[in-house]
Amino acid sequence: MCTDQERIANDEYLTALYERAYGALASVVGIAHPDHTVEIGSGLGLASLSGHRWLHSDVTASPALAVQNTAERLPFQDASLDALILKDSWHHIPDIEGFLTEAHRALRIGGTIAVFDPYWGVVARCVYRFLHQERWDARTPSWSFASTSPWDSNQALTYMMLRRDLQRFNEVWGSRFTLTERSRHIGPSFLLSGGVSRRTPISGRFLRAMLSWEERRGSWFDHFRFFHVFSLVKR
């Protein structure tokens, strides 16, 4: 049975998708030193397939990990980190404000949290709500959620924090972080591909060409995109 690493490495589209995602995150953190940059929720360390040598952290044991921990308890000294990377892991953190408190402690001034997470475009919101295996609940008043498994999540979390409750977010966290919404990525090719776990028979070469076309579209195409990138810089 193929591992996720093998599936991605052997599929033109999945390889391109991960390269786009991690490339976007790398552009946010810039010259952050790899030894002082930690990916939260890194799993099998898939960022290394794109050449990124950040430290890997997750709640579930893996040979790729530098440390095993929850996002709300970072085993790093105060002001010791340049950056924290979160690819598809922000919406899995049950106590996101607990994480932000820890991130603010562990990051140096000017340190960056770079996030790649589900977007709330018209198409994406329908897919996440009705077709995706993970939960999308934009009606809950709380940013936190009960969790008994690392796979528990709410994919609407960034929508709630950065759109629905932006004023509250700025009131609580604006004095500690500078928020920047940066870019949106990956359109219907993601839906057609089925992702890693539900990969469809559609040609990876065709989907890769489609992804390249999508990424060259302007902001008008954001309604069709499935992910976005934003950053929080410690004041």
Fill in: Value of [θ]222 nm, deg cm²/dmol, for the chain, DSSP H segments ≥ 4, -39500 (n - 2.57) each, nearest 500
-8500 deg cm²/dmol
Practice prompt. Please turn the phi angles of segment 115-127 into ³J(HN,Hα) values with the Karplus equation 6.51 cos²θ - 1.76 cosθ + 1.60 (θ = phi - 60°), one per residue in order, whole Hz, x for glycine and proline.
Written response: 10, 10, 8, x, 9, 10, x, 4, 5, 4, 4, 5, 5
Practice prompt. Over the chain, calculate the relative contact order: mean separation of alpha carbon pairs under 8 Å at least 6 apart, over the residue count, as a percent.
Written response: 22 percent
Worksheet item: Amide H neighbours of residue 182 under 5 Å, counting only residues 5+ apart in sequence or on other chains, H built in-plane at 1.01 Å?
Response: 229, 230, 231
Item to complete: Starting from the amide H of residue 111, placed 1.01 Å from N in the peptide plane, find each other amide H under 5 Å away whose residue is 5 or more places distant or on another chain.
Response: 234
Discussion item. For the chain, what does the convex hull of the Cα positions come to per residue, in cubic angstrom?
Written reply: 124 Å³
Worksheet, complete the sentence: Which residues qualify? For residue 137, with a placed amide H closer than 5 Å and at least 5 residues away or on another chain, they are 155, 156
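Quick one, what does Rg over Rh come out to for segment 18-90 if you take C-alpha atoms and the Kirkwood Rh?
So for segment 18-90, dividing Rg by the Kirkwood Rh gives 0.92.
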Worksheet, complete the sentence: With Rh as the Kirkwood radius over Cα pairs, segment 1-128 has Rg/Rh of 0.97
Practice prompt. Please report the relative contact order for segment 104-235, taking Cα pairs under 8 Å with a sequence separation of at least 6, and give it as a percent rounded to a whole number.
Written response: 44 percent
Practice prompt. May I ask you to evaluate 6.51 cos²θ - 1.76 cosθ + 1.60, the Karplus curve with θ = phi - 60°, for each residue of segment 8-15 and list the ³J(HN,Hα) values in order in whole Hz, giving x for glycine and proline?
Written response: 5, 5, 9, 10, 4, 6, 4, 4
Practice prompt. For segment 205-222, just list the computed ³J(HN,Hα) in residue order, Karplus coefficients 6.51, -1.76 and 1.60, θ = phi - 60°, integers in Hz, with x standing in for Gly and Pro.
Written response: 5, 5, 5, 5, 5, 5, 4, 4, 5, 4, 5, 8, 6, x, 5, 4, 7, 4
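For segment 1-128, what does the relative contact order come out to in percent, with C-alpha contacts under 8 Å and a separation of six or more?
It rounds to 22 percent for segment 1-128.
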Discussion item. Quick check: net charge around residue 10, other residues with Cβ under 14 Å of its Cβ, Lys/Arg +1 and Asp/Glu -1?
Written reply: 0
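Readers should treat all values here as calculations from the given coordinates under stated rules, not as data from a laboratory. From a predicted model like this one, the values you see are computed outputs, not experimental measurements. Cβ sites come from the backbone with ideal geometry, for glycine too, and all protein chains shown count toward neighbours.
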